[in-house]
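A short write-up of the structure that comes next.
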Amino acid sequence: MADAAATRSGIGVLVVADTHLTGHRLDRMPPEVWELAEEADVVLHAGDVLDQAVLDAFATRAELHAVLGNNDHALAGRLPTEVRVELGGVRIAMVHETGPSAGRERRVHRMFPEDHVVVFGHSHQPLVHRSDRGQLLVNPGSPTQRRRQPVHTVAWLELRDGDVVRADIVEVGPEVNPRRRPAGRG
């Protein structure tokens, strides 16, 4: 599916992490997240899924890649701790946790020196940042547990011709002022 999308206008990638939901609580996912998953060619889930039903719900909407988070006890042995995938010529690495923000750029580059994009979660703090070495670091935050953040978030990437042409944090959920949402997601 992703390769066909690349020939059209690019690959739309929904990036989520830290959903912390079980199957009987899927209704707590903001509806915009499911809408974005329907628009996406690929969904990347950077861990703390909790339940296979969450993965199944994303997988029915788009190609899915996911990693094991520190709270994914029920998924141990079923999800890898790292994923590397190439989408439209863009090498993406994904892991749940990268450690403290101090020194993260160097640490991530040592972990994934050949990857263009590194996706991670754990902190619930959204981030889209290009490092000095040119790697794009993406933490989508959380669509369900905002902790100290003002709103729930996910990330959206658009990949085209071996490049990331768009990388946005997208606010979702009831706290969002609709005028602040990025327009035209893919």
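The values are calculated or read from the model by the stated rules, or taken from the named source; none is laboratory data. Only a predicted model underlies this, so the values are computations on that prediction, with no experimental measurement involved. Don't worry about glycine lacking a Cβ; one is built from the backbone with ideal geometry, like all the others, and counts go over all protein chains shown.
Some notes on this structure:
- Single residue of the range 70-93 satisfying the filter (crowded, with 18+ Cβ neighbours inside 10 Å and not β-branched (Val, Ile, Thr)) that is modelled with the lowest pLDDT: GLY88
- Failed criterion for ASP72 (all others in (1) within 28 Å of PRO113 (Cβ to Cβ); (2) within 15 Å of the chain's Cα centre (by Cα); (3) among the charged types (D, E, K, R) hold): (2)
- With respect to the stated conditions, HIS65 is farther than 23 Å from ARG146 by Cβ and not in a loop (DSSP other than H, G, I, E, B).
- Residue in the range 94-122 that is surrounded by the most Cβ atoms within 10 Å (Cβ to Cβ), counting only those that are part of a loop (DSSP other than H, G, I, E, B) and touching an Asp or Glu at 6+ places or on another chain (Cβ under 6 Å): GLY121
- If you go through the range 36-55 and pick out every residue that is within 15 Å of the chain's Cα centre (by Cα) and more than 16 Å from PRO140 (Cα to Cα), you end up with 5.
- Residue in the range 38-51 that is surrounded by fewer than 19 Cβ atoms within 10 Å (Cβ to Cβ) and more than 16 Å from GLU158 (Cα to Cα) present: no
- You will find that of LEU14, LEU55, LEU36, the residue that is within 26 Å of ARG160 (Cβ to Cβ) and in a helix (DSSP H, G or I) is LEU36 and no other.
- Inter-residue pairs, beta-carbon under 9 Å, first touching a residue at least 60 places away in the same chain (Cβ under 8 Å) and in the range 98-123, second buried (at least 19 other Cβ atoms within 10 Å of the Cβ) and assigned to a helix (DSSP H, G or I), 6+ apart: PHE120/VAL108
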